[in-house]
Amino acid sequence: MKVSTGKLLRCALPLVLLGILGGAAHGAEHAPALAPLTLSLDAGAKSGTISDALRIVMLLTLLAVLPAILIAMTSFTRTIIVLSMLRHAFGMQDTPPNMVLVSLALFLTLFTMAPAFQTAYQNGIQPLANNQITMESAVTQTVRPLREFMIRQTREKDLALILEIAKVEVPDSIDDVATIHIIPAFLLSELKTAFTIGFVIFLPFLLLDLVVSSVLMSMGMLMVPPTMISLPLKVLMFVLIDGWALIVRALLGSFH
């Protein structure tokens, strides 16, 4: 009697499945019992895993807000504005390039803020890394040198304006003023100081432009652009008086 291949497969398949399931059950009976997966936070707390995770979170948060801190709470704003106005006083829009000006402003800022940064690291960041102080105390100790720097550079008029806009009573002591009110007042003072220094820088270049324009008009050379003649003279004058050293000295000396 002939049996088709399809019928043999249909009969053999249930037997194979029963054999596989029986072997699995037999193996499960003799296999050792597995302990349930548990997550213990006590061991992590004892070994310092949680503190390490918090340090990583703090570092990532600091890196995220670092550009805002650099611009709003340091001397970077005044420095980059003065350097940009100097470039416009020359009449050159792309020389020196933006990368050069930003790099110079960044390193001048690091030079100016080095004492404050060092104090903030010694009193706030380093003790927190050694688990000597709490996080709240570390934040206070880290921000304090920056607050002192901003307070020295902030005009009372600008601080009073911010407090008036915020509808906050004027405190008896500067230590009672919130940092969120000191930062915008500091930025207003920095903008005013930077524009004052920039105006002083513009005056000799403007005088040279007027002299060149008057000479060209008196000679009847109306078709010659004055900037074509005044630009080389500006560069020559700036090099002869060692202008970059004077600008850097004036910038660093303006932070008292």
Seminar exercise, completed: Of the listed residues (VAL65, VAL82), the one being at pLDDT 70 or above, of a type outside the set (Phe, Trp, Tyr), buried (at least 16 other Cβ atoms within 10 Å of the Cβ) and not in a loop (DSSP other than H, G, I, E, B) is VAL82
Exercise. Yes or no: THR95 surrounded by fewer than 17 Cβ atoms within 10 Å (Cβ to Cβ) and under 30 Å from LEU210 (Cβ atoms)?
Worked result: yes
Exercise. Taking the range 220-256 as the region of interest, how many residues are in contact with an Asp or Glu (Cβ under 7 Å, 6 or more places away or on another chain) and over 11 Å from LEU208 (Cβ atoms)?
Worked result: 0
Problem set entry | Selection status of ILE197, in contact with a helix residue (DSSP H, G or I) (Cβ under 7 Å, 6 or more places away or on another chain), touching a residue at least 60 places away in the same chain (Cβ under 8 Å) and either in a helix (DSSP H, G or I) or not charged (D, E, K, R) (or both) | yes
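For (1) more than 30 Å from PRO232 (Cα to Cα); (2) under 24 Å from the mean Cα position of the chain (by Cα), each residue gets a yes or a no:
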{"residue": "ASN98", "(1), (2)": "no, yes"}
{"residue": "LEU110", "(1), (2)": "yes, yes"}
{"residue": "ALA120", "(1), (2)": "yes, yes"}
{"residue": "ASN123", "(1), (2)": "yes, yes"}
{"residue": "GLU136", "(1), (2)": "yes, yes"}
{"residue": "THR140", "(1), (2)": "yes, yes"}
{"residue": "GLU164", "(1), (2)": "yes, no"}
Exercise. Across the range 187-229, which residue is surrounded by the most Cβ atoms within 10 Å (Cβ to Cβ) among those that are among the polar types (S, T, N, Q) and within 38 Å of the chain's Cα centre (by Cα)?
Worked result: SER189
For this session: For the range 158-178, enumerate the residues that are closer than 14 Å to ARG147 by Cα and not in a loop (DSSP other than H, G, I, E, B).
Result: LEU159, ILE174, ASP175, ASP176
Problem set entry | Looking only at the range 102-143, and only at residues there that are surrounded by fewer than 13 Cβ atoms within 10 Å (Cβ to Cβ) and of a type in the set (Ser, Thr, Tyr), the one that is farthest from LEU251 (Cα to Cα) | THR134
For this session: Given the conditions (1) surrounded by 14 or more Cβ atoms within 10 Å (Cβ to Cβ); (2) under 24 Å from ALA185 (Cβ atoms); (3) among the polar types (S, T, N, Q), report the number of the one that SER173 does not fulfil.
Result: (1)
Exercise. Pick from ARG152, ARG144: which is in contact (Cβ under 8 Å) with a residue 40 or more places away in the chain, part of a helix (DSSP H, G or I), under 21 Å from PRO184 (Cα atoms) and of a type in the set (Lys, Arg)?
Worked result: ARG152
For this session: Could you figure out which of (1) in a loop (DSSP other than H, G, I, E, B); (2) farther than 26 Å from LEU106 by Cα isn't true of LEU207?
Result: (1)
Exercise. Of THR38, THR74, THR109, which residue is in a loop (DSSP other than H, G, I, E, B) and either touching a Phe, Trp or Tyr at 6+ places or on another chain (Cβ under 9 Å) or modelled with pLDDT of 50 or more (or both)?
Worked result: THR74
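The values are calculated or read from the model by the stated rules, or taken from the named source; none is laboratory data. This is a predicted model, so every value here is computed, not measured. We place every Cβ from the backbone using ideal geometry, glycine too, and count neighbours over all the protein chains shown.
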